[in-house]
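Please read the structure below before turning to the comments.
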There are 2 protein chains.
Amino acid sequence: MKKYLLLFLSLTFSLGVHAQFNALRVVSPEVNGNSVTIRFRAPKAIKVELSGGFLPIREVTTERGTFAMSGPVEMTEGENGIWEYTAENVAPDFYTYTISVDGVRMLDPNNLQTVRDGQNVSNMVIVPGEKSELYLEAKEKKGTLSKVWYPSPAYGSERRMYVYTPYGYGESNKKYPVLYLQHGGGGDEDAWTSLGRACQIMDNLIARGKAVPMIIVMPNANPNQLASPDIMAPLPGATVMQQDMESDEFHSGGNYVKDLVENIIPYVESRYNVIKNKNSRALAGLSMGGIYTLYTTARYPNLFGYIGVLSMGFTPGRDVKAELTPVKNAGYKLYWVGCGETDMAYANTERLLKGLDDMGMEYINFNKVGGHNWDTWRVCLKEMAPLLFK
Amino acid sequence: MKKYLLLFLSLTFSLGVHAQFNALRVVSPEVNGNSVTIRFRAPKAIKVELSGGFLPIREVTTERGTFAMSGPVEMTEGENGIWEYTAENVAPDFYTYTISVDGVRMLDPNNLQTVRDGQNVSNMVIVPGEKSELYLEAKEKKGTLSKVWYPSPAYGSERRMYVYTPYGYGESNKKYPVLYLQHGGGGDEDAWTSLGRACQIMDNLIARGKAVPMIIVMPNANPNQLASPDIMAPLPGATVMQQDMESDEFHSGGNYVKDLVENIIPYVESRYNVIKNKNSRALAGLSMGGIYTLYTTARYPNLFGYIGVLSMGFTPGRDVKAELTPVKNAGYKLYWVGCGETDMAYANTERLLKGLDDMGMEYINFNKVGGHNWDTWRVCLKEMAPLLFK
């Protein structure tokens, strides 16, 4: 009866192929302690390069100045046309990488784990260690991620958001607080769960008792998208960012803030087991999402008890006092401000911090080594989430 | 204040780059009526080939016989190193494709829409028309897809399944019937929503009133996976398919059927608004999932009122009468059998149909032109889903 087993295996697509070409199976990435090896089969290629955050840092001078860059490096061709590169002494962290074959950027076909940053997809690899332990899948008590289409009269269409519900949600009638977590310019509803590792960070924090179990709602704030571009092309005609950063139109958040306040929050509060009061709602966001946090909380000061501004602050033209006064008057449980020390939003962040000081408003400031990027925002989520709803 | 606008745009990663290199922006795929154009930038490449289901069909003779194959075709290099190929008179349908650059298979970097079949990721493109209209995103009333980790004592670990809840779910206390929909060998919990387009098909069928609003639960039946390999590497040591197709161990479904009956169904029935009776439960699956459907319904004949077997049936060694008797005795609302006419499971399907005939059991048989592939299974879902829970 073995022939039926074989018949069955031949039904299973890749399985048969894997067995056949096992000798040529390429393992990539391979993480051994603090070394990361990437392998890639391209027998006809002349030059194969690797770009990635785990590569040695070197100084690159361009017309815009001198920068520290990790990679790219040239990979070395070995047997069977398999190119290889091993980076040693890699610090534990979450890294992305891509391969360039004779000038054509591509993904590592042996690594199914990818992340997307706007239009760009990269592979990911995690080097385990203290910094990255919350980025790995939790061993148990993992929450659910839902891709939810909700009606948005504010935009005149259905739109998609992501909703994270923690482990145990729905087991009883227990009600949960809600963090509304906003992406930056170029991001979308998928961003915090892809490069942001939000599910893994929250699963791990909650499982360790370091964060309160909470629901996290991740909307899409882009007027030209009903959903992230990996499932639906952007709308023709609508632009991503029409507004001047100093304009009132931009600061009002356009349709997005209306959508958040009038559509998203009522939808969540009518469909999910949530606690419906100010001190059980948090609003946070990075970069553009930080702007929306600043101005939503100023315009709706009784909606959110917890406020998180990541890699953003006030531009010079804004009246900081006027923006912060309603928040101060209404009161809040936490005003959390996080930024990278070399972040291009650092000056804006300093204006926010000075405003909070001038007004005598309590806040927590977290600055880390790093720039305006997902390394900073992942660490910010790790730092901020344990302070919410406590 | 324009400098702040520029600062902001520079924060948004790809946006700035897009504006700068707009002249070189590559549009791919481009669908115009029934033509599909793929473009790809590779200035240094010598040969760029395109593989895809929409390409002209030609006969290929190998040592195993003569087969009809669509593609691959050579793409033609034009200006700026942009290679291009246009397929004309493409029938409306859902297609996948990949590009080969000097022998290295890769994705189209300008198309963020990808689907995964086990270890292989491809791009997708839909040519609109009657056959494919249910594969496109519904315009409104779209359901939610949730990625759920549930405790599985049967496997001794948490495992992941996908749960589709239809539009309107949770708006009231309305209870829904549930279809448990199983992948094939080489697939996982992601398969039906990726290549299977299950969300789009169900959204469209339900929005048009052609199918009853239902919940769809898509488990992962692979003993070597806690979740699909794009988020978590398979477990070392465990094999995908250990069982001989004729063995009782395989036919019992191993841990999977135990997991389905003892863990998954109770989890779903305790967490979701579902109708908890036989005639509000359906079990269906393709290929390996079809085997699990056959033997789960035989062993638990009072659990499912609706049974769907896709591209599968009985192998010659099985006692068909013994397998079907409990199902017949317990009764059922629908026994649906679907297969492709050139499907390698066709002989097994015929044995199932003959058994149903011999036993005088009512069934619906749907055969379509095509093989053991997702074209067949998408069409099967379109045909079968409207008959469930009616």
>> Among B:P213, B:P153, B:P177, which one shows the highest mean-square fluctuation when chain B is modelled as a Gaussian network with alpha-carbon springs under 10 Å?
In response: B:P153
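As a test of the definition: with a 1.4 Å probe, what buried accessible area, both sides summed, do you compute for B against A, in Å² to the nearest 100?
Working: alone 18770 and 18740 Å², together 31410 Å².
The B and A chains share an interface burying roughly 6100 Å².
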> Listed highest first by mean packing, meaning other Cβ atoms within 10 Å per residue, what order do B:182-188, A:203-209, B:197-203, B:170-176 come in?
Replying inline: B:182-188, B:197-203, A:203-209, B:170-176
> Per residue, how many Å² of accessible area does the stretch A:80-148 show with a 1.4 Å probe?
Replying inline: 39 Å²
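Let me check I've understood the local charge: for A:V115, count other residues with C-beta under 12 angstrom from its C-beta, Lys and Arg +1, Asp and Glu -1. What total comes out? Don't skip to the end; give the middle numbers.
Working: positive: A:R116, A:R197, A:R378; negative: A:D117, A:D190, A:D230, B:D230.
With Lys, Arg at +1 and Asp, Glu at -1, the neighbours total -1.
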>> Run the label-point distances for B:P92 please: 7 Å along Cα to Cβ, every other copy, nanometres, shortest first.
In response: 5.5
> From the residues A:G53, A:G103, A:A87, which one has its Cα farthest along the dipole of the stretch A:26-127 in the positive direction, the dipole being from +1 and -1 charges on Cβ of Lys/Arg and Asp/Glu about the Cα centre?
Replying inline: A:G103
> If we hang a label 7 Å off Cα along the beta carbon direction at B:N173, how far is it from the matching labels on the other copies, in nm, shortest first?
Replying inline: 0.9
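Hey, any idea what the orientation-averaged projected area of the convex hull of chain B's Cα atoms comes to, in nm²? Before the final figure, lay out the partial values.
On the way: hull surface 95.8 nm².
Mean orientational projected area (chain B, Cα hull): 23.9 nm².
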> With no solvent and one point on each alpha carbon, what is the Debye value of log10 I(q)/I(0) for the stretch A:149-234 at q = 0.17, 0.18, 0.20 Å⁻¹?
Replying inline: -0.75, -0.82, -0.94
>> Going Cα to Cα from B:K321, which lysines come in below 21 Å? Please leave out same-chain ones fewer than 8 positions away.
In response: B:K333, B:K354
> From the phi of every residue in the stretch B:288-297, what ³J(HN,Hα) in whole Hz does the Karplus formula 6.51 cos²θ - 1.76 cosθ + 1.60 yield, where θ is phi - 60° and glycine or proline is x?
Replying inline: 3, x, x, 4, 4, 5, 4, 8, 5, 5
> If you average the sequence gap of Cα pairs under 8 Å that are 6 or more apart and divide by the length of chain A, what percent do you get for the contact order?
Replying inline: 11 percent
>> What does DSSP give for chain B in terms of the percent of beta bridges that are antiparallel, rounded to the nearest 5?
In response: 65 percent
> Amide H to amide H, which residues 5 or more places from B:S152 or on other chains are under 5 Å from it, using H placed in the peptide plane?
Replying inline: B:S157, B:E158, B:R159
>> What does the net charge come to around A:P29 if you take all other residues with beta carbon closer than 10 Å to its beta carbon, with K and R at +1 and D and E at -1?
In response: -1
> Got the A:A330 label distances to the other copies yet, label 7 Å along Cα→Cβ, in nm, shortest first?
Replying inline: 5.6
> What is the ratio of the Cα radius of gyration of the stretch A:85-190 to 2.2 N^0.38 Å, where N is its residue count, to two decimals?
Replying inline: 1.41
> Mind checking which of A:A191, A:A298, A:A330 has the largest fluctuation in a GNM of chain A, springs on alpha carbons under 10 Å?
Replying inline: A:A330
> Of all DSSP beta bridges located in the protein assembly as shown, what percent are antiparallel, nearest 5?
Replying inline: 65 percent
> Can you give me the Cα centroid spacing of the stretch A:373-390 and the stretch B:362-390 in angstrom?
Replying inline: 47 Å
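Considering only protein heavy atoms and a probe of 1.4 Å, how much of the accessible area of the stretch B:135-387 is carbon and sulfur, as a whole percent? Working shown, then result.
Details: 4110 of 8390 Å².
The C+S portion of the solvent-accessible surface of the stretch B:135-387 is 49 percent.
What is the magnitude of the charge dipole of the stretch B:135-387 about its Cα centre, with +1 placed on the Cβ of each Lys and Arg, -1 on the Cβ of each Asp and Glu, and no other charges, expressed in debye to the nearest 20?
The dipole of the stretch B:135-387 has a size of about 980 debye.
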> What is the mean projected area of the alpha carbon convex hull for the stretch B:245-352, to one decimal in square nanometres?
Replying inline: 6.6 nm²
> When the C-alpha atoms of the stretch B:26-127 are aligned to their principal axes, what extent does each axis show, in angstrom, from largest down?
Replying inline: 41, 30, 28
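Report the relative contact order of the stretch B:26-127, percent, no decimals, based on alpha-carbon pairs under 8 angstrom and at least 6 residues apart. All intermediate terms of the calculation are to be shown ahead of the outcome.
Details: 219 pairs, mean separation 31.5, N = 102.
Computed over the stretch B:26-127, the figure is 31 percent.
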>> I want the local charge near A:F304. Using Cβ-Cβ distances under 12 Å, sum +1 for each Lys or Arg and -1 for each Asp or Glu among the other residues.
In response: +4
> What is the distance in Å between the Cα centres of the stretch B:184-199 and the stretch B:258-334?
Replying inline: 19 Å
> Under 12 Å from the Cα of B:K141, which aspartates and glutamates turn up, not counting those fewer than eight places away in the same chain?
Replying inline: A:E158, B:D203
> How much of the accessible area of the stretch A:26-127, in percent, comes from carbon and sulfur atoms when a 1.4 Å probe is used?
Replying inline: 45 percent
>> Under 5 Å between amide hydrogens, which residues at least 5 positions from A:G308 or on another chain qualify, with H placed 1.01 Å from N in the peptide plane?
In response: A:L283, A:A284, A:G285, A:W336
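Taking every eigenvalue of the Cα gyration tensor of the protein assembly as shown, multiplying by 5 and rooting it, what semi-axes result, largest first, whole Å?
Working: eigenvalues 389, 216, 118 Å².
Computed over the protein assembly as shown, the values are 44, 33, 24 Å.
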> When chain B is treated as a GNM, springs tying every alpha-carbon pair under 10 Å, which of B:N373, B:N329, B:N120 comes out with the largest mean-square fluctuation?
Replying inline: B:N120
> What is the Cα centroid distance between the stretch B:133-162 and the stretch B:214-228, reported in whole angstrom?
Replying inline: 8 Å
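The values are calculated or read from the model by the stated rules, or taken from the named source; none is laboratory data. For clarity, every value in this text was computed on a predicted model and none was experimentally measured. Positions of Cβ are generated from backbone atoms using ideal geometry, with glycine treated the same way; all protein chains shown enter the neighbour counts. Please note that ligands, DNA and RNA were not included when accessible areas were found on the heavy atoms of the full protein model with its side chains. Shrake-Rupley method; radii C 1.70, N 1.55, O 1.52, S 1.80 Å.
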